[in-house]
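The values are calculated or read from the model by the stated rules, or taken from the named source; none is laboratory data. Just so you know, these numbers come straight off a predicted model, no measurement behind them. Every residue, glycine among them, receives a Cβ derived from its backbone with ideal geometry; neighbour counts consider all protein chains shown.
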């Protein structure tokens with residue numbers, strides 16, 4: 001009987017049928033931008049996106065703490081909104097006319113200070129020029145609750161979370177490259193726009209996969225382990241098998 005971590009030779013005639021739909025370059029960038037927001041800022045954008053629709057612009061109002069006794073509360077309330085204006089940007093790549101494009105957009109279109117008598121409110125409005133972007137993001141809001149720093153960690157986590165119910169997933173090296181964003185980028189006509197970075201398997205493992213696994217296992221709500229390595233001619237890596245499990249909440253583990 002073979003161990004779970006034992007490498008296995010893949011016959012030359014064998015074909016690994018692991019095709020699956022993956023986010024486009026643009027969709028992946030949008031999800032990464034949202035995931036990298038700090039928790040408070042991410043929750044603000046989440047509320048705005050949930051309200052956004054064809055007949056309903058993404059607008060929410062927050063009461064502003066005021067008075068000398070609430071100085072710290074006021075500062076704590078305003079700081080993440082200020083950061084959304086000043087620092088955080090929605091950044092993503094796209095492909096058009098045979099060229100790779102980098103786009104940077106503000107999350108918010110406007111902030112309005114409203115004062116009625118003693119009551120003060122801030123009205124936040126989502127960027128109304130990004131309807132398709134908000135529609136894409138809304139479809140993935142439930143998958144974006146964990147903040148990870150590395151783009152490889154974000155992409156691998158989103159893929160693994162999608163397959164959590166299955167518990168185990170085997171993918172070819174080519175599909176893994178797509179998951180990590182390490183494949184050739186081509187336009188709709190098939191023209192090469194940008195060659196794949198990290199050409200060798202050793203580079204993919206050391207600079208992308210190992211780091212992503214470490215960050216996911218330390219800072220997310222799932223555990224992701226490589227349990228299988230499929231090798232072909234000259235022991236060249238052709239596929240990997242991942243074990244995906246949900247972590248128990250900390251309070252439950254502590255009560256044991």
Given (1) surrounded by 15 or more Cβ atoms within 10 Å (Cβ to Cβ); (2) at pLDDT below 75, identify the lone condition not met by residue 18. (1)
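Condition check ((1) surrounded by 11 or more Cβ atoms within 10 Å (Cβ to Cβ); (2) under 21 Å from residue 49 (Cβ atoms); (3) in contact with a strand residue (DSSP E or B) (Cβ under 6 Å, 6 or more places away or on another chain); (4) in contact (Cβ under 8 Å) with a residue 12 or more places away in the chain) across all residues:
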{"site": "81", "(1), (2), (3), (4)": "yes, yes, no, yes"}
{"site": "97", "(1), (2), (3), (4)": "no, no, no, yes"}
{"site": "109", "(1), (2), (3), (4)": "yes, yes, yes, yes"}
{"site": "114", "(1), (2), (3), (4)": "yes, no, yes, yes"}
{"site": "117", "(1), (2), (3), (4)": "no, no, no, no"}
{"site": "127", "(1), (2), (3), (4)": "yes, yes, yes, yes"}
{"site": "133", "(1), (2), (3), (4)": "yes, yes, no, yes"}
{"site": "137", "(1), (2), (3), (4)": "yes, yes, no, yes"}
Name, by its number, the condition in (1) touching a residue at least 24 places away in the same chain (Cβ under 8 Å); (2) surrounded by 15 or more Cβ atoms within 10 Å (Cβ to Cβ); (3) in contact with a helix residue (DSSP H, G or I) (Cβ under 9 Å, 6 or more places away or on another chain) that does not hold for residue 198. (1)
When you look at residue 37, is it closer than 17 Å to residue 136 by Cβ, in contact (Cβ under 8 Å) with a residue 24 or more places away in the chain and outside any helix (DSSP H, G or I), yes or no? yes
Give all pairs with beta carbons closer than 6 Å in which a residue from the range 144-155 that is over 22 Å from residue 205 (Cα atoms) meets a residue that is modelled with pLDDT of 85 or more and not in a helix (DSSP H, G or I); count only pairs at least 6 apart in sequence or on separate chains. 146/220
Could you tell me which residue of the range 47-63 is farthest from residue 23 (Cα to Cα), considering only residues that are modelled with pLDDT under 85 and surrounded by 11 or more Cβ atoms within 10 Å (Cβ to Cβ)? 57
Could you tell me whether the range 142-150 includes any residue that is in a helix (DSSP H, G or I) and within 30 Å of residue 241 (Cβ to Cβ)? yes
Any chance the range 140-155 includes a residue that's crowded, with 18+ Cβ neighbours inside 10 Å and at pLDDT 90 or above? yes
Answer yes or no: is there a residue in the range 189-201 that is modelled with pLDDT of 90 or more, farther than 30 Å from residue 97 by Cβ and touching a strand residue (DSSP E or B) at 6+ places or on another chain (Cβ under 7 Å). yes
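Per-residue answers, yes or no, for (1) within 23 Å of residue 115 (Cβ to Cβ); (2) assigned to a helix (DSSP H, G or I); (3) in the same structural domain as residue 117 (by TED's automatic domain parsing):
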residue: 61; (1), (2), (3): yes, no, yes
residue: 72; (1), (2), (3): yes, yes, yes
residue: 78; (1), (2), (3): yes, yes, yes
residue: 82; (1), (2), (3): yes, yes, yes
residue: 88; (1), (2), (3): no, no, yes
residue: 91; (1), (2), (3): no, no, yes
residue: 95; (1), (2), (3): no, no, yes
Is it the case, given these coordinates, that residue 173 is in contact with a helix residue (DSSP H, G or I) (Cβ under 9 Å, 6 or more places away or on another chain), surrounded by 14 or more Cβ atoms within 10 Å (Cβ to Cβ), within 24 Å of residue 100 (Cβ to Cβ) and at pLDDT 90 or above? yes
Given (1) part of a loop (DSSP other than H, G, I, E, B); (2) in contact with a strand residue (DSSP E or B) (Cβ under 6 Å, 6 or more places away or on another chain), number of the condition residue 122 does not satisfy: (1)
